[in-house]
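Report on one structure; see the data block that follows.
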Amino acid sequence: MAEVRRVVGDLTNRAAHAVRHPVSTFLGWPVPRQATTGDLLGRGPAVTSPTTRGTTHRLADADRVARSVCPYCAVGCGQRVFVRDEKVIQIEGDLDSPISRGRLCPKGAASESLVNSPTRLTKVLHRRPHGTDWEHLDPDEAIDMIADRVVRDRRAHWQDVDDQQRPLRRTMGIASLGGATLDNEENYLIKKLFTALGAIQIENQARI
Amino acid sequence: MTDLRARVRRVWGNQLSGPTDPTADARWPDPPARKGFFTDTSICIGCKACEVACKEWNHVPSRPGGDTQGTSYDNTGHLGADTWRHVAFIEQDAAAQQRARESGARLVSLGMPARVGAAPAASDPAEPPGFEAVRWLMSSDVCKHCTHAGCLDACPTGALFRTEFGTVVVQADVCNGCGYCVAACPFGVIGRREKDGVAVIAGEPVTGYRGGVAQKCTLCYDRISDGLQPACAQTCPTTSITFGDHADMVALARDRLAALHAEGRTEARLYGANPDDGVGGTGSVFLLLDEPEAYGLPPDPVVPTARLARMFTAAGTAGTVMMGLAVAVFGIMGRHG
Amino acid sequence: MQDLANADCIVIQGANMAECHPVGFQWVTEAKLRGARVIHVDPRFTRTSAQADRHIPIRVGSDIVLLGALINHVLTNDLWFREYVVAYTNASVLIDEDFLDTEDLDGFFSGWDEEKGAYDLASWAYATPRPTASDGGEEATEGDDLSDAAAGDRYGSGGPPLDTPRPMTDPTLTDPRCVFQLLKGHFQRYTPELVEEVCGISADDFAYLADSVTQNSGRDRTTAFCYAVGWTQHTEGAQNIRAASILQLLLGNMGRPGGGIMALRGHASIQGSTDIPTLYNLLPGYLPMPVVGHHDTLADYLDAITSVNAKGYWSEAPAYTVSLLKAWWGDAAREDNDWAYDYLPRLSGPHGTYQTMTAMLDDEVAGFFVLGQNPAVGSAGGRMQRLALAHLKWLVVRDLQLIETATFWKDSPEVATGELVTTDIATEVFVLPAASHVEKSGTFTQTSRILQWREQAVHPPGEAMSELQFFHELGRRIRQRLAGSDDPRDRPLLDLTWDYPTDAHGEVDAEAVLREVNGVGLTGESAGEPLDSFTQLRADGSTAAGCWIYTGVMAGGVNRSASRVPASDPTDPAHDWGWAWPANRRILYNRASADPEGRPWSDRKKLVWWDEASGQWTGDDVPDFPLRTPPGFRAEPGAGGPAAIEGDDPFIMQADGKGWLFAPRGLVDGPLPAHYEAQESPVPNPVYGQQANPARRTVAGPDNLFAPSGDAPGSDVYPFVFTTYRLTEHHTAGGMSRWLPFLSELQPEMFCEVSPELAAERGLENGGWATLVSPRAVIEAKVLVTDRMTALRAAGRTIHQIGLPYHWGVGAQAIVAGDAANDLLGIALDPNVQIQESKVGSCDIRPGRRPTGPDALALVAAYQRRAGLVPDADQRSGEDRVMDEEAGDD
């Protein structure tokens, strides 16, 4: 009897401290546990299931945590991105951030479903002129096709000088819109490349 | 008889009603401090981050194809199996604001009102702010994690249990979907999820939602077991939702109430902080700016077990009488037969 | 932003901070819990108003009247911060005697050129003594091109140069030509009575606001203003912010803890995309793009944007410019070719997104890249936007989801109306999956100018790739195609520095790009070493830096944007969390937090001060001032640049070191803010004879008709005012929210907010449908009847305002779809920055759903005819659509 008490005591302590093992003997069944734990009404440790006793949370399973920043508004809330098996399993506020102190608004809190959205585009799509549906395009081929069009239409819409023979050295055939959701490094390369191309109609949300 | 009651109470504690430590009552050995929320609705900005963070963390299904409900900015409606946090939006005119302040003032003048709990009146209340043409109340509602939880005591399978933190959690793997808990909750918090569903976890569809089981807030049992904050409290931008030891939450609530009363804002009152109420006080404590009804909360929630002893006594008495009658009747009949 | 917690009073106007910046709002909550007063001035009672001590409803587009009245209140009641104003602003400066105010010209400033529809700015200049001493006190203007109706964006961040860094002044502030007196005269008619008449704000509300602001300003207390696009998206957008700047300078709230004007920007890196601009008019670091006829040579360019005589760091613009050219073109940028300056293309006017859209409609644009934006839903004049897409030869959309801009050819509203037929649309569409923020490393610059590095968590899924990788690869292939070309037009591409290290996945090392942005030395011992400060940049080709204001982010070779040292306590400014430009300063112009002698104005509000013992500025922030320039320093006559900054010149980017109460240059629509009605307004301008901002720009033509304003015939056809905005639950045009179930369910449908009075007047039912018609489009929305919308009395009439969130769009892909509020908007632009007036429009509202198909067009046309906007037949020609600088014709 003393032996049994010791085992059961051990068991409940484990449950209480969230160290959980499935119990295989009949002593782990709820009714004996009700008797042995004193939880006669079956409200507490007596009725916990093996799953409950094995409760863990997915952050503990993460392989790594990346420090990031929320992609929505400009407050710049810190995010921690938890990764397991090369998949993002959770994104939550970075408690260390002096800007946000771990907090996120509903959009920031939805970041995990943003990056893991099942409707996210993962394939290159192409719609031919006058086409009625999408076709898949190899990404490599798509970039080649876009490069061809940029080179062609840059020339086609090139302006060397204005009507007073003053230098313009630009193309009006290519425009771009976007950047406020992109990284500084990306905006830098975009502006640099388009300027070298002579494209000036380069804009983003900051003016909208 | 009185002696017997006292002995029962000594052994059992207040298992059915009244102030008690629910964790100890559930016989958790050496439990940590009871945990709970304090939701200060006076600084809630109605952003619903709590709703989203809860669903993200707990993989609670969304409601597809919803319409706007025409109830201010609330398109969630009420708590349920798939809504563990719900932000209510209440628009009020000046008259309603005045009524709220007056009803709060009456509570203050009663000293420590039994029903909702309030700090003593500030000794020198300031000139209260005037009423605006409109005010917009927002409040994030959640499972109360009652001291005496109707859902828990109604559950015939042991699917609902009292955790070592004093919270009340459904074990979906045990639940048989009987739904007794749904009727037993005085707050209408717990619901029965009708259909199986598919969860998207890390971008992969996973058969995650068991249908036919009861579901509600777990106070992030998995997170708090490891010292983390619940998802809603951690994300709350303005700390309208705070999480911590229940005693600290009640103290915080009382401090905040006193501060608002000192500003003359007697419309402020606490909800769930009174251990003598019908559910023995709640684990989730609220500071409200109007009567609970304004927020869709029951003014005087009572757990069904509060009447259990009386009902048992009544039932026992009735049974004894019936038995006596039966004996008498059968005796007479036997004599005749 | 954290500094808002130090404010004693916060006025949120033109912003809905609790809804659009909820986590930033924690600092307002904190200030409030510490006892600060929070006031929200907004047409609608929003979730921000709910948290404010008082909400003051205002008629949309009347902010300058309210701010002007506050300025007038401060001036007439002598509530301004005298020591601050005299020492740190241009209050005492004398202005050219040819300057005439709107008071003199009934709504115009001097210099208006009716023919050009623009101002000549010459008479707004600081007065200068004539070169001949015998003239005595006579004044003349700076000798600038008088015919130059300069665009405000031509000068870069320093604004235009002043050749008079030490202008003539009257320290007694009594000279009628001094800025202070001009200010008094200009704002004298901005009274509480005018506020009541124009804004619909009661005298009691005005007094509350005025008392709150003035009682919480001065040595011991500070007031902060927060604004967002509620101030910018107007035809007088820039002037709204100018008005607040004047008020905050008069109250001495600039450069001080808990003070200032907080711009609440709306996108993760919208600040960064302005600093390193994907904007037509700028080069990195607010250097302007060259303009033909003004900047034809490097010498022209540098002369135009700065002056050797000017004070401050902007005078070093040649070093910033040459360093940028060296960063882009490396060894091909040499002194003998003006550092490859000729490789830069030239502007010939505004080339903003709306001008580009009209160029598309005119078939002048072949290809269009759309990068994480959704103009089919998010830009004003949605119908024109979508029609323009159908004129392209090719369109590249890079996004996370299949947004409406990508699918316009199959499911746009114009396909439903029959205006577009899928098989007729010749546009070739490429949709390329983009990488999310966790799938690439790089920096965002948030709204307080702090750069924060993001670590890459995972690789992009499937064929998705970052813009960094895509554009690097695109550039590589374009260069491959042009290799060997001897066409001089191809030199800028072939000489471009484009060698960035990539990893096994082809992903570009973002830190290598950041290093180029930061800048490196090119010669001597520092060759190849990252620079520590922009003060190291030189115009002699010995340094390269892609964005001078970001120089220092890699100081010591360490990526400072990745610093993650948390705050030690709530008052710690956490300088080692990220890196703020410039030079990691958190509060700009913080020299102004100390008095002219260098002592904190008060112990309660101390931030940066002069430490006599060490002979330098010190404090709780990085001093925004030359570290060893003492408070009493006086520069040598003739000095220029940083050496000319005197001890009491806190505004170190300004050519005269002072805060500008009067802007002698830099704005094209006036040196002082003046109230004009919006392009579409229900009232005649009660302030001046001039109805709308005369310098505003609009698009002419049948697709962009405007409702008549004021009492003009037809104005009753569109009797109601609408305003557009965001909700907490969604993000802009919805690309990052309407595809997410947890956000979509919170606000599933497009709706409109109306007052009970308007609902009764028009028979609208809460929860039912409403149809809204503007001169451009018809949309439908669910009705939300709410006391939070109030009818205002203004200009002797009842003004009904309708609220319209703009997150929804018509398409088949998102979880939730709906009509787009932006379709209702016309295109009328602020002349300074070309931003559209999306906060004000005129419309009608009626119960029920809108007609579908061609009937929808017919309804819009019927309204147009009733209002007299179209004579008979709908005439449509390319010429009609050119950008018009509308003369003051109304």
Practice problem: Show the residues, 5+ positions off or on another chain, whose built amide H is closer than 5 Å to the amide H of residue C:739. | Solution: C:815
Self-check item: Amide hydrogen neighbours beyond the local backbone of residue B:168, cut-off 5 Å, H modeled
Solution: B:163
Quiz prompt | Percent of Cα pairs exceeding the 31 Å cut-off, where the set is chain A | solution = 56
Exercise. Report the GluC sites (Glu not before Pro) located in the range C:13-111 that are in a DSSP loop and have at most 16 other Cβ atoms inside 10 Å of their Cβ, or state none.
Key: C:97
Quiz item: Rg and Dmax of the range A:157-207, Cα atoms, in Å?
Solution: 12.7, 39
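Report the Stokes-Einstein translational diffusion coefficient (µm² s⁻¹, integer) for the protein assembly as shown, Rh taken as the Kirkwood radius over Cα pairs, at 10 °C with viscosity 1.306 mPa s.
In µm²/s, the coefficient is 47.
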Quiz item: Hey, fewest Cβ within 10 Å first, where do B:164, C:757, C:439 land in order?
Solution: C:757, C:439, B:164
Exercise. Could you tell me which of rounded, prolate or oblate describes the range C:738-858, using a ≥ b ≥ c as the square roots of the eigenvalues of the alpha-carbon gyration tensor, with rounded for a/c under 1.5 and, failing that, prolate when a/b is larger than b/c and oblate otherwise?
Key: rounded
Exercise. Using DSSP, restrict attention to beta bridges with both residues in the protein assembly as shown and report what percent are antiparallel, rounded to the nearest 5.
Key: 65
Quiz prompt | Shielding score for C:570-577, defined as the mean number of other chain Cβ atoms within 10 Å | solution = 2
Quiz item: Helix by helix, which DSSP H runs in chain C go 20 Å or more along their axis at the Cα atoms and have an average Kyte-Doolittle hydropathy of 0.5 or more?
Solution: C:237-250
Self-check item: Calculated SAXS-style log₁₀ I(q)/I(0) at q = 0.15 Å⁻¹ - the range B:2-302, Debye, Cα scatterers
Solution: -1.21
Practice problem: Could you run the Karplus curve 6.51 cos²θ - 1.76 cosθ + 1.60 with θ = phi - 60° over the range B:151-163 and give me ³J(HN,Hα) per residue in whole Hz, x for Gly and Pro? | Solution: 4, 5, 6, 7, 6, x, 10, x, 5, 8, 9, 8, 7
Quiz item: Can you run phi through the Karplus equation (6.51, -1.76, 1.60; θ = phi - 60°) for the range A:129-146 and list ³J(HN,Hα) in whole Hz, with x for Gly and Pro?
Solution: x, 6, x, 10, 8, 7, 10, 7, 10, 5, x, 4, 5, 4, 5, 4, 5, 5
Self-check item: Order of C:226, A:105 - criterion: other Cβ atoms within 10 Å of each residue's Cβ, fewest first
Solution: C:226, A:105
Quiz item: If you take the square roots of the eigenvalues of the alpha-carbon gyration tensor of the range C:229-347 and sort them as a ≥ b ≥ c, do you get rounded (a/c under 1.5), prolate (a/b over b/c) or oblate?
Solution: prolate
Quiz item: Ranking C:425, B:190 by Cβ neighbours within 10 Å, fewest first, what do you get?
Solution: C:425, B:190
Self-check item: Tilt relative to chain A, helix A:2-16 - C-alpha long axis, 0 to 90 degrees, to 10
Solution: 20
Quiz prompt | Charge dipole of chain C about the Cα centre (unit charges at C-beta), most positive-ward option of C:799, C:867, C:810 | solution = C:810
Quiz item: For the range C:1-93, what value does the Rg/Rh ratio take when both radii are computed over Cα atoms and Rh is the Kirkwood radius, given to two decimals?
Solution: 1.03
Quiz item: Using only Cα atoms, what is the ratio of the radius of gyration of the range A:58-115 to 2.2 N^0.38 Å?
Solution: 1.05
Quiz item: Label-point separation (nm) for residue B:276 and residue C:636, each offset 7 Å from Cα along Cα-to-Cβ?
Solution: 8.6
Quiz item: Distance in nm between label sites at residue A:135 and residue C:335, each 7 Å beyond Cα in the beta-carbon direction?
Solution: 5.7
Exercise. Mind checking which lysines have their Cα closer than 21 Å to the Cα of residue C:184? Skip sequence neighbours fewer than 8 apart in that chain.
Key: C:658
Self-check item: Charge dipole (debye, nearest 20) of chain A; +1 at Cβ of Lys and Arg, -1 at Cβ of Asp and Glu
Solution: 740
Quiz item: Which ³J(HN,Hα) values, rounded to whole Hz and listed in residue order, are derived for the range C:447-456 from phi using the Karplus coefficients 6.51, -1.76 and 1.60 in 6.51 cos²θ - 1.76 cosθ + 1.60 with θ = phi - 60°, glycine and proline given as x?
Solution: 5, 9, 6, 8, 7, 10, 6, 10, 7, 6
Exercise. Kindly state, to the nearest 0.05, the FRET efficiency for residue B:33 paired with residue B:194, given R0 = 51 Å and r defined as their beta-carbon distance.
Key: 0.90
Exercise. With N set to the residue count of chain C, report its C-alpha Rg divided by 2.2 N^0.38 Å to two decimal places.
Key: 0.93
Quiz prompt | Total charge dipole magnitude, the range A:58-115, about the Cα centre, Cβ charges on Lys, Arg, Asp, Glu only, Debye to nearest 20 | solution = 180
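So how strong a dipole does the protein assembly as shown carry about its Cα centre when Lys and Arg Cβ are +1 and Asp and Glu Cβ are -1, to the nearest 20 debye?
My answer is approximately 7220 debye.
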Quiz prompt | Hydrodynamic radius (Kirkwood) for the range C:645-714, which is based on Cα pairs only, to one decimal in Å | solution = 15.2
Quiz item: Out of residues 5 or more away from residue C:93 or on other chains, whose amide H comes under 5 Å of its own, with H placed 1.01 Å from N in the peptide plane?
Solution: C:170, C:179, C:180
Self-check item: Approximate spin-label separation residue A:156-residue A:122, in nm, with each point projected 7 Å along Cα-to-Cβ
Solution: 3.6
Quiz item: Which FRET efficiency value, to the nearest 0.05, do you get for residue C:303 and residue C:459 by plugging their Cβ-Cβ distance into 1/(1 + (r/R0)^6) with R0 = 51 Å?
Solution: 0.55
Self-check item: With at most 15 neighbouring Cβ atoms within 10 Å, loop trypsin sites (Lys or Arg not before Pro) (DSSP) excluded, longest segment of chain C
Solution: C:335-603
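Only the coordinates and a few stated rules stand behind these numbers; no lab work does. Model, not experiment: these values are computed from the prediction. In this analysis, Cβ positions are derived from the backbone assuming ideal geometry, glycine residues included, and neighbour counts consider all displayed protein chains.
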